[in-house]
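Below is one structure, written out as structure tokens; the observations come after it.
The values are calculated or read from the model by the stated rules, or taken from the named source; none is laboratory data. What you see is a predicted model; the values in this text were computed from it and never measured. Cβ sites come from the backbone with ideal geometry, for glycine too, and all protein chains shown count toward neighbours.
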């Protein structure tokens, strides 16, 4: 970074390092404003956002329709708690349920809360509906998963950074290789209540399972009376060129876990969507959240659902994703050794002899493009769905320059 007494970035970075716990290792970029696919830092430099808040900003920064909904709601009502019903609540739940093709919605705030909710519901369903013996419920999960960082969730993580030194760990989970249908099938027994999977593993590097895997999971779950829970927190809501990543293989899970983009990049919103025979096992007092389904969150999320209902953003992701794929695959053998793309979501494996993923992201940032590394020499691209063809070409060109040294 250029050292200049007139620049605000170095001091802001130092202050952030001084006053916060170091649970993240952010790039030394200090953002002050944003619009669409572009960010501006405290020194006035502009960056193309190719991360989109890990898919929380699918509709770009400050989408006019979403900002208008937030402003209107801020002038009327922001929080009631679930002790009362507010006038945005039913519309949000109904419209999201219809988008998902499910009977019911349970609103929460963060993605991890949605996952915890799914775990609790699956266990209760197992005891009350399937007839699993008390305290014996088991959930099958996959290696390389990322479902959040709560104590329960890290108990079945295979990422030592997320898991180490946070024990004792919560029992009740069986971990199998991702994409291995035979191993998953063998892991299911009479006490299995659910299979919990990401249809595409985002944190692992946008890992797409083998063709036929998700339909196979759906079939075995149906045959063995086990719930199929799809964590679509990152992959859902238009990111992959369809409303849900499961849609690419015509699979309908028993339960959707949603978040990130549901809040429109404005407020944290998550939700669980399932039919009444599943979510109906919960009774008053057994699960909840003071802020879950609050008026401001619902007002924004209603507009998110309505944007998705038009199909425009799913089409954009699919069409622009093909342009992104073509550009990235053209870099194979020119610094990239692996490319995985589904819609506007890409995992790129850089030749580790060239540089680490972190170094690549730092070099991209110096060229005005923001991305995120994961697991060594892998980086992820997940631009807002409002990105243009020209902006995709710009990102690919800058990556090519970085790889060329």
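For the condition assigned by TED's automatic domain parsing to the domain that holds residue 286, assigned to a helix (DSSP H, G or I) and either modelled with pLDDT of 95 or more or surrounded by fewer than 18 Cβ atoms within 10 Å (Cβ to Cβ) (or both), residue 153 qualifies. When residue 307 is tested against the conditions (1) surrounded by fewer than 24 Cβ atoms within 10 Å (Cβ to Cβ); (2) more than 21 Å from residue 62 (Cα to Cα), the lone failure is (2). Residue count for segment 311-328 under the criterion of being more than 28 Å from residue 100 (Cα to Cα) and loosely packed, with under 14 Cβ neighbours inside 10 Å: the result is 1.
Reported count of residues in segment 377-387, each being under 13 Å from residue 338 (Cα atoms) and touching a helix residue (DSSP H, G or I) at 6+ places or on another chain (Cβ under 7 Å), is 3. Residues that are under 19 Å from residue 390 (Cβ atoms) and surrounded by 24 or more Cβ atoms within 10 Å (Cβ to Cβ) within segment 46-56 comprise 49, 50, 52, listed in sequence order.
Filtering 302, 392 for residues that are under 30 Å from residue 99 (Cα atoms), touching a residue at least 12 places away in the same chain (Cβ under 8 Å), assigned by TED's automatic domain parsing to the domain that holds residue 107 and buried (at least 18 other Cβ atoms within 10 Å of the Cβ) leaves a single hit, 302. Listed by first and then second residue, the pairs linking a residue in segment 72-86 that is over 18 Å from residue 289 (Cα atoms) to a residue that is surrounded by 10 or more Cβ atoms within 10 Å (Cβ to Cβ), with Cβ atoms under 8 Å apart and 6 or more places separating them unless they lie on different chains, are 72/299; 73/88; 73/295; 73/296; 73/299; 73/300; 74/296; 76/295. Scan 70, 16 and give me the residue that is assigned to a helix (DSSP H, G or I), out of contact with any strand residue (DSSP E or B) (no Cβ under 6 Å at 6 or more places or on another chain) and not assigned by TED's automatic domain parsing to the domain that holds residue 386. Sole residue among the options that is assigned to a helix (DSSP H, G or I), out of contact with any strand residue (DSSP E or B) (no Cβ under 6 Å at 6 or more places or on another chain) and not assigned by TED's automatic domain parsing to the domain that holds residue 386: 70. Number of residues in segment 266-291 that are in contact (Cβ under 8 Å) with a residue 40 or more places away in the chain, part of a loop (DSSP other than H, G, I, E, B) and surrounded by fewer than 23 Cβ atoms within 10 Å (Cβ to Cβ): the value is 12. Scan segment 60-69 for residues that are buried (at least 21 other Cβ atoms within 10 Å of the Cβ) and in contact with a helix residue (DSSP H, G or I) (Cβ under 6 Å, 6 or more places away or on another chain) and jot them down. Across segment 60-69, the qualifying residues are 66, 69. Considering only residues in segment 177-195 that are under 26 Å from residue 128 (Cα atoms) and within 24 Å of the chain's Cα centre (by Cα), the one that is surrounded by the fewest Cβ atoms within 10 Å (Cβ to Cβ) turns out to be 184. Of the residues making up segment 125-150, those that are part of a loop (DSSP other than H, G, I, E, B) and on the phi < 0 side of the Ramachandran plot are 132, 133, 134, 136, 137, 143, 145, 146, 147, 149, 150. Within segment 75-114, the only residue that satisfies the criterion of being over 12 Å from residue 271 (Cβ atoms) and surrounded by 22 or more Cβ atoms within 10 Å (Cβ to Cβ) is 88. One residue stands out in segment 202-219 among those that are surrounded by fewer than 17 Cβ atoms within 10 Å (Cβ to Cβ) and in contact (Cβ under 8 Å) with a residue 12 or more places away in the chain: the one that is farthest from residue 356 (Cα to Cα), namely 215.
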